[in-house]
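The values are calculated or read from the model by the stated rules, or taken from the named source; none is laboratory data. Note that the structure is a prediction, hence the values are computed from the model and not measured. Cβ sites come from the backbone with ideal geometry, for glycine too, and all protein chains shown count toward neighbours.
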């Protein structure tokens, strides 16, 4: 059986379902990765670009930055690349830029794994949950 070494940062950055697939691949004999999995691994290998002052003007940037600093959960509507809208409740962890697009890495409570969201696809962002009434305490 072949042994493969996966560096620690990859284990942290790879979404759980892909990480699980890689571990299964290592346990079994070599099986080719799907085109999508190869694409995700390639995208994850790119370096982040530094946040520029004009990036802070992107819609929802300031609110997400505050939620990260205070550790508050965030809810929003998200339009994926197939233009399907979904409602998300996440705990944001980090904002970063790749080329000209700003992303938020967050723990998605619905899927119970870390996901990456484009800020330009978020709408109706609400920060924090009022535990007494179940309503959101801040909105944009």
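Could we say that residue 101 is exposed (fewer than 15 other Cβ atoms within 10 Å of the Cβ), in the same structural domain as residue 122 (by TED's automatic domain parsing), touching a strand residue (DSSP E or B) at 6+ places or on another chain (Cβ under 7 Å) and free of Cβ contacts under 8 Å to residues at least 60 places away in the same chain here? The answer is yes for residue 101.
Would you list the helices (runs of 4 or more DSSP H) that sit entirely within region 1-102 and hold 3 or more residues that are at pLDDT 70 or above?
Details: elements: 8-13, 16-27, 35-45, 61-70.
Per the criteria, 35-45, 61-70.
Scoring residue 79 on the criteria (1) loosely packed, with under 14 Cβ neighbours inside 10 Å; (2) farther than 19 Å from residue 128 by Cα leaves a single failure, condition (1). So in region 32-67, with the set limited to residues that are closer than 14 Å to residue 116 by Cβ, without any contact (Cβ under 8 Å) to a residue 60 or more places away in the chain and touching a strand residue (DSSP E or B) at 6+ places or on another chain (Cβ under 7 Å), which one is surrounded by the fewest Cβ atoms within 10 Å (Cβ to Cβ)? Among them, the one singled out is 46.
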